[in-house]
Every structure is written in structure tokens, then in C-alpha cells.
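Trainee: Take this structure first; my questions come after.
Laboratory data are not the source of any read-out in this text; all were calculated from the coordinates shown. Because the structure is a prediction, the values reported are computed rather than measured. Neighbour counts run over all protein chains shown; Cβ positions are idealised from the backbone, glycine included.
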């Protein structure tokens, strides 16, 4: 975002600055919009996305999809966002001593996410259970991408199978760090897991 102030400022302690200052969201949480629009009366029909001024400006309120003073135009992909999902499976390759918890983290959305998405494993049926491990993804997840996050744990007794729960992006604490198009699919549960009985 470029902000201009050609008229000066009367705020106490204000000092003039020279140059062009660009502003953005370090967390990349701003909705993408058209790159150029005019400050004058805060509507988009006074200039094109290339910065050209039309010979005759169309009335904002008669232009289809507008009638929206003080609002930009997003164009294509306005609702593009990541959509993190997770699937929990149990690996038996280390039985009879250990179970392998395998969380497959997928991005089923339209935008990628960087590495570092939180993945939390619990023993129990939800995030109120015993926390086994808090870790993060190691790679960026582009749309359609996935990563397996694994945890080896002591296997429960054969006659006392256990439940295991996984969540991504701190789902139990709210909407998490990643702004997603669907925040309701960030957990999975596997019940009655144990190594097979010998024989």
C-alpha cells in the first residue's frame, strides 16, 4: 500500500518525511486487491488497474459489482486461501514395542503456506488429552501439497488400546496462525489403537 499526504499534517510532533513509503502486512493477512486505485473519494472508477485516468469516469453506483465507495476491487481469486487438513494413521512397523503416529498434513486450498505449520499430537480424544509432541512442518505446502509428520510412541498394552488425536495450526485455540478458507477441518482422531496381539 502506498500512502500519500500532499497536504501536510497538523498532528503534534509530526515531522515531514520525503520519499515514497510502502506498507504491507508482515503476516500476509491482507486480502489481495487491485494494485492501483485513486484516493479521491475512495472509489475505483476514477482510474484503471494500470493507473490510467478515463476520459469520462463511470458512475461507481451504476457499474455492475460496485456501488461500494471506500472499498477496493479484488478481481479474480478474492477468496483464494490455504486450507490445511490433517489425517492421522497408525503405523505398526515398530510393533510390539512402539506405535508410529503418522499425521498427513495437506493443503487443499488455493494458496500455499510456508514451512512451520504447528502439528500437535495428543493421547486422548481431543486437545484436552495428554500432549505427546508439539512440532512443525518442515516444508512449504503449495496447493495440493502434503507432508507426513511422524511420531514414535510406546505402544499401549494389547488389552488397553488408546485413542490418539492430532491437530494442525493450533485448531483448539481458535483460528490459528494461518488464515484459511475452512478452519473446521484441522483435526483428526484415531480410536482404539494398539499393536496386534502376538500369534
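Trainee: What is the distance in Å between the Cα centres of the range 151-184 and the range 120-135?
Mentor: Comparing the Cα centres of the range 151-184 and the range 120-135, I get a distance of 6 Å.
Trainee: Quote the relative contact order of the range 84-193 in percent (integer), defining contacts as alpha-carbon pairs under 8 Å separated by 6+ residues.
Mentor: 33
Trainee: State whether the range 84-193 is rounded, prolate or oblate according to the following rule on the C-alpha gyration tensor (a ≥ b ≥ c being the square roots of its eigenvalues): a/c under 1.5 gives rounded; otherwise a/b larger than b/c gives prolate, and the remaining case gives oblate.
Mentor: Because a/c hits 1.5 or more and a/b exceeds b/c, the range 84-193 counts as prolate.
Trainee: Please report 148, 56 as a ranked list, fewest other C-beta atoms within 10 angstrom at the top and most at the bottom.
Mentor: 56, 148
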